[in-house]
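Chemist: Structure incoming, see below.
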Amino acid sequence: MTICYEHIRPKHSTDADFLGYALADYMAHTGMSERSLLGWLGIDPARMPSLTVCRSPDPTTASFRADCRTVAERFGCNAERLATMLGELAWDDDVFDLVPPAVTAVEAGGG
């Protein structure tokens, strides 16, 4: 599947501190197109470039939900969906960090 990242600037799609990274990662994990992700987040495509260069709220902080609401208000997207997306990505990263590579290979029948 080809995923279009036309609104995500290259630097911000490879730097985990920016929302562009999370957006690109979420599209890769879910197979969503950029258009579908924009619709799901409820954001105007014209605002997407600005959103991608915004610092990503940190799901491990107490202010995470408030930070997501602040971003949503500034860029006109759905705060709950933004929080859901970032939370899912953090959860996936945490789960994969907890599983040693050797265990993963054995479970996959590779070792």
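The values are calculated or read from the model by the stated rules, or taken from the named source; none is laboratory data. Note that the structure is a prediction, hence the values are computed from the model and not measured. Neighbour counts run over all protein chains shown; Cβ positions are idealised from the backbone, glycine included.
Chemist: Is it the case that Ala79 is buried (at least 18 other Cβ atoms within 10 Å of the Cβ) and either at pLDDT below 90 or not β-branched (Val, Ile, Thr) (or both)?
Modeler: Against the criterion (buried (at least 18 other Cβ atoms within 10 Å of the Cβ) and either at pLDDT below 90 or not β-branched (Val, Ile, Thr) (or both)), Ala79 qualifies.
Chemist: Of all the residues that make up the range 1-44, how many are outside any helix (DSSP H, G or I) and at pLDDT below 85?
Modeler: Residues flagged as outside any helix (DSSP H, G or I) and at pLDDT below 85 within the range 1-44 amount to 11.
Chemist: A follow-up question, please. So Thr60 passes all but one of these: (1) more than 15 Å from the chain's Cα centre (by Cα); (2) surrounded by fewer than 13 Cβ atoms within 10 Å (Cβ to Cβ). Which condition number does it fail?
Modeler: The single condition Thr60 does not satisfy is (1).
Chemist: To continue, here is another question. Tell me yes or no: at least one residue of the range 48-63 is free of Cβ contacts under 8 Å to residues at least 24 places away in the same chain, under 20 Å from Asp17 (Cα atoms) and either of a type in the set (S, T, N, Q) or assigned to a helix (DSSP H, G or I) (or both).
Modeler: yes
Chemist: For the range 33-56, which residues satisfy the criterion of being out of contact with any Gly (no Cβ under 8 Å at 6 or more places or on another chain) and surrounded by fewer than 18 Cβ atoms within 10 Å (Cβ to Cβ)?
Modeler: Residues satisfying the conditions are Ser33, Arg35, Ser36, Gly39, Trp40, Pro45, Ala46, Pro49, Ser50, Cys54, Arg55.
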